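The values are calculated or read from the model by the stated rules, or taken from the named source; none is laboratory data. Just so it is clear, the structure is predicted and the values come from calculations on it, not from any experiment. Cβ placement follows ideal geometry from the backbone for every residue including glycine, while neighbour counts extend to all protein chains displayed. Please note that ligands, DNA and RNA were not included when accessible areas were found on the heavy atoms of the full protein model with its side chains. Shrake-Rupley method; radii C 1.70, N 1.55, O 1.52, S 1.80 Å.
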Amino acid sequence: MVGAVHLPREKELYNEESFYFHVLDDTPPEDAIPLVFPELDQQLQPLPPCHDSLESMQVFKQHCQIAEEYNEVKKEIALLEERKKELIAKLDQAEKEKGDAAQLAREFEVLMEENRALKLAQSQCVEQLEKLRIQYQKRQGSS
């Protein structure tokens, strides 16, 4: 919200949604042009109108409306840039997690293959042990 600019011998020019513009009754010196929108660059500031000219007043009003829209767009851009940063951070995190998940999946496959190989080796050892028991029992029985 932009506050009113208070200058000596001023009169209200435009009032819309708590948005006030004031202009001098006399033409101010160039270096005393009020900043109706302090956040705007000097060259973008609406210049006070000649209050005797309806066209000047209309141009001033349009310029102020454009300046207000410009401020709103700047604010929206800033918010969108912040949102963009947040989304990039989330994307980076998701990609890291995806990479981590892929690495874990590869490790899981390696471990599963190792597990299969160990189970096969165990079953072969159990089979070999059983054969050795049978041979031992045959020797015991024949002696």
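Restricting the first member to segment 76-94 and to residues that are touching a residue at least 24 places away in the same chain (Cβ under 8 Å), and the second to residues that are outside any helix (DSSP H, G or I), no beta-carbon pair is closer than 8 Å while six or more apart or on different chains. When restricted to residues that are within 37 Å of the chain's Cα centre (by Cα) and either among the charged types (D, E, K, R) or open to solvent by 100 Å² or more (accessible area, probe 1.4 Å) (or both), segment 94-143 contains 10. Just wondering, is there one or more residues in segment 49-60 that are in contact (Cβ under 8 Å) with a residue 24 or more places away in the chain and either among the aromatic types (Phe, Trp, Tyr) or out of contact with any helix residue (DSSP H, G or I) (no Cβ under 7 Å at 6 or more places or on another chain) (or both)? Within segment 49-60 (the criterion being in contact (Cβ under 8 Å) with a residue 24 or more places away in the chain and either among the aromatic types (Phe, Trp, Tyr) or out of contact with any helix residue (DSSP H, G or I) (no Cβ under 7 Å at 6 or more places or on another chain) (or both)), the answer is yes, since at least one residue qualifies.
A quick yes/no check of all residues on (1) surrounded by 10 or more Cβ atoms within 10 Å (Cβ to Cβ); (2) touching a strand residue (DSSP E or B) at 6+ places or on another chain (Cβ under 9 Å):
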{"site": "PRO48", "(1), (2)": "yes, yes"}
{"site": "ASP52", "(1), (2)": "no, no"}
{"site": "HIS63", "(1), (2)": "yes, no"}
{"site": "LYS84", "(1), (2)": "yes, no"}
{"site": "ASP92", "(1), (2)": "yes, no"}
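With respect to VAL73, determine if the residue is among the β-branched types (Val, Ile, Thr), surrounded by 11 or more Cβ atoms within 10 Å (Cβ to Cβ) and closer than 19 Å to LEU40 by Cα. In short, no.
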